[in-house]
Structures are given as C-alpha cells and as structure tokens.
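Colleague: Below you will find the structure I want to go over with you.
Each reported figure results from applying straightforward, stated rules to the coordinates on display, with no laboratory input. These numbers come from a predicted model, not from an experiment. Ideal geometry is used to build each Cβ from the backbone, glycine not excepted, and the neighbour counts take in all protein chains shown.
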Amino acid sequence: MKLSIAIVGLPNVGKSTLFNALLGRQVADASNYPFCTIDPNVGVVEVPDDKLQVLADIVKTTKIVPAIVEFVDIAGLVKGASTGEGLGNKFLTNIRDCDAICHVVRHFSDPSVVKEGSVDPQGDFEVICAELIIKDLESIDKYLDSNKNNAAELKTKKFALAKNLKSGLEQGKLAINLDLSDDEKLILKEFFLLTAKPYFIVANVDESTYADTQNFKTSLENVIPVCAKTEFELSELSLDDRKNYLKELGMEKSGLERVIQKAYETLGLQSFYTAGVKEARAWTIKKDATAPEAAGAIHTDFQHGFIMAEIVSYADFVANNGWEGAKVKGLLRHEGKTYQMHPDDIVEFRFNV
Ligand SMILES: Nc1nc2c(ncn2[C@@H]2O[C@H](COP(=O)(O)OP(=O)(O)OP(=O)(O)O)[C@@H](O)[C@H]2O)c(=O)[nH]1
Ligand SMILES: [Mg+2]
C-alpha cells in the first residue's frame, strides 16, 4: 500500500522547502519568488522507524525495508486560480491521484520572503479550499449537466448525491466535512473530488519557534507546526547528528516524523512488521484491518490462502529476544481470520497457495 500526499498552498509559503526537507535532499527548486514550482516534484520518503533496527538486530538480518510515503510538491495556488489567475488551476489534477492533502500555510514572519496573496494562516487556508471547491463544482456540474436528460440516471442515488454535493460545495463546505451516510460515502468516491480527500495542515513556523511547538497557537484545526527551513537544514546532517541536535532542542521527533505521523492519523493507518533472516520490514495497513487484509498488504495470494497469523507484540518480541524466546514464554499468539491487527504486531502468516 503506497501512501501518496499532495503538498498544496499559496505561492512562496515554503512547500518546496518542506518537500526537500522531507526527502532529505534538494530536489525541488525552492527560491524566494512566487510560482517557483511549475511542474510537480514527486519524491518517495522512507517512514522513519527506530523499531526496524531493533528488530533487524534481534533476527540478525542486515536488510531493513521501511514503509514508504510519496510526496507530490505542486505549484502554488492563488485566489482566482480557477479563472486563470497565477498559473491557473489545471495542475490541481495532480492532486487527484493522491490519497491525502498536506496544506502548507505561512506562519513565519521573515519579511524578506515575498508574500504572494498570503494574509494570515486561516484566510490563506480558506483561499485554497475555495479554489478546490470551485474545481469540484466544475466536476459535479459536468456530471449533472451531461445526465440531465438521462431518465434512468436521474433516479439513481448517485444523481441525488451529486445535487446534495453541489449544494454543500456552494455553501463553501468541503465534501469530506459533509454529513453523508456510509452508502453515500462509497458513491462519493466515484466523483474523485479534491475536497473529499482527507487533509491536514502544516503551519510553516519561524526558525526561532522551531522547538516551541507546545506554545503554538492557531485557529486552524488538524494542524502541526513545522519549520520547513530548519527541517531542511536538519535533513542535511547525518542521522546521528540530527538526533543529537533534536535532543539538544528537547524535541522528540523531527518534522518529517511528525508530518508522517499526522498523515497516518489522518488516513487512519497503522504499521505492522515482519522480521526474519531475510529482512525486517514495516507494512502499512488501515487501522481496522483484519489479519487476512494485513496478509494482503504483502501479497494478494497470502490473503486468499490465509490460514492464520502467528503474532508477537513488539514489546514481547524485544523483551524475549525474538520468535523463539517469545514462544517459550507462551507469548506467541495464533490469530484467525477475524483478528483485528494491533499497531506494532510482529507477524508471520500461514497460508495455502
Ligand atoms: N524564514 C523562512 N523562510 C522560509 C521558510 N520556509 C521557506 N522559506 C523561504 O521562502 C521562500 C519560498 O520557499 P519555497 O519552498 O520555494 O515556496 P513554495 O511554496 O514552494 O513556492 P512556489 O513554488 O512558488 O509556490 C524561499 O526563499 C525559502 O527559503 C521558513 O520556515 N522560514
Ligand atoms: Mg515550490
């Protein structure tokens, strides 16, 4: 399961700087002029996870395979983009293939960085949402229009939902925030709306407040403070230096870790692990995934032929130095088809092929 996240925001708010920081290298051009990014930058990031090294040491493998997340850094969007302002809104289609949106809002003061339409974080976020809503209204109107004489379609739940969506969007609501039934949520997917995507907000804060995330205040919801510039500088250090630096600042986690953690929370995801002589590996699954669904994340054959899962919790695995030690203590569980995976389960699947 590959998770893909689009980085969206006004021009010059630090999207490409954040993107480079996440990737740990300079990939995207990040300069002090608006509309610096035109074509989207795409990059894959390994999800930082200290547990993998611990597992690898226990099972004596040198191969570590972390989970990955893809980030897509897209062009800055301005008010009126839908009517051609700035670079227009054509590139919004770049968001369509992503699983979630990471909104970046400017929360840093540096007067030397040109402001392009940016006023305050709340207002900036609303400008972007308005542009996404306009794009979605285009899609809905197109559907309604092309089906207005289709007697069969007029009677469908899909058509009724489209009218409901249109009215919600026209009131300035995001599709994801509309009160829909489970049935409607399924049909909603057929419209591929941008505002139906789960989202979180990164407030790009001043360098001076990097380590002061406790006192960060905002009227926005689902937001994390990150200083893109400091994160980029951090990403250029070696892993050990980075850890020491964060420790000195009293920070537990880097911005990258916090952004990914937020993405996992927003999308309702969790990890589980496999650990053997071949490799120690992290896998990404939905929070409510059952054991066969988790097996399916590795290979669809594992899911179809699922017999059972042998599971030890990470804590038990570490405390007892691996599979054998945990087994001797009776800490290895045999779980069946209905078992709901817990975060940090170490798993071996039994299946028929
Ligand atoms: N002081 C300060 N400057 C920053 C920060 N983040 C980004 N900048 C600066 O802001 C300018 C714009 O950054 P970019 O990352 O190119 O912004 P962008 O959102 O990708 O811009 P477009 O691609 O033009 O939409 C650059 O000069 C960055 O160095 C920050 O946290 N603090
Ligand atoms: Mg950019």
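Colleague: Can you list residues whose amide H is under 5 Å from Ile7's amide H, if they're 5+ apart or on another chain and H is modeled 1.01 Å from N?
Modeller: When sequence neighbours closer than 5 places are left aside, the close amide H contacts are Val72, Asp73, Ile74, Cys102.
Colleague: I would also like to ask the following. What is the Cα radius of gyration of the chain over 2.2 N^0.38 Å, N being its residue count?
Modeller: Ratio of Rg to 2.2 N^0.38 Å for the chain: 1.11.
Colleague: What ranking do 287-300, 228-241 get when scored by the average of other Cβ atoms within 10 Å per residue, highest first?
Modeller: 287-300, 228-241
Colleague: Based on a Kirkwood Rh over C-alpha pairs, give the Stokes-Einstein translational diffusion coefficient of the stretch 288-351 at 25 °C and viscosity 0.890 mPa s in µm²/s.
Modeller: Diffusion coefficient, whole number: 209 µm²/s.
Colleague: Could you sort the peptides 100-106, 172-178, 203-209 by per-residue average Cβ neighbour count (10 Å cutoff), highest mean leading?
Modeller: 100-106, 203-209, 172-178
Colleague: Can you sort Met341, Met308 from fewest to most other Cβ atoms within 10 Å of each residue's own Cβ?
Modeller: In increasing order of surrounding Cβ atoms, one gets Met308, Met341.
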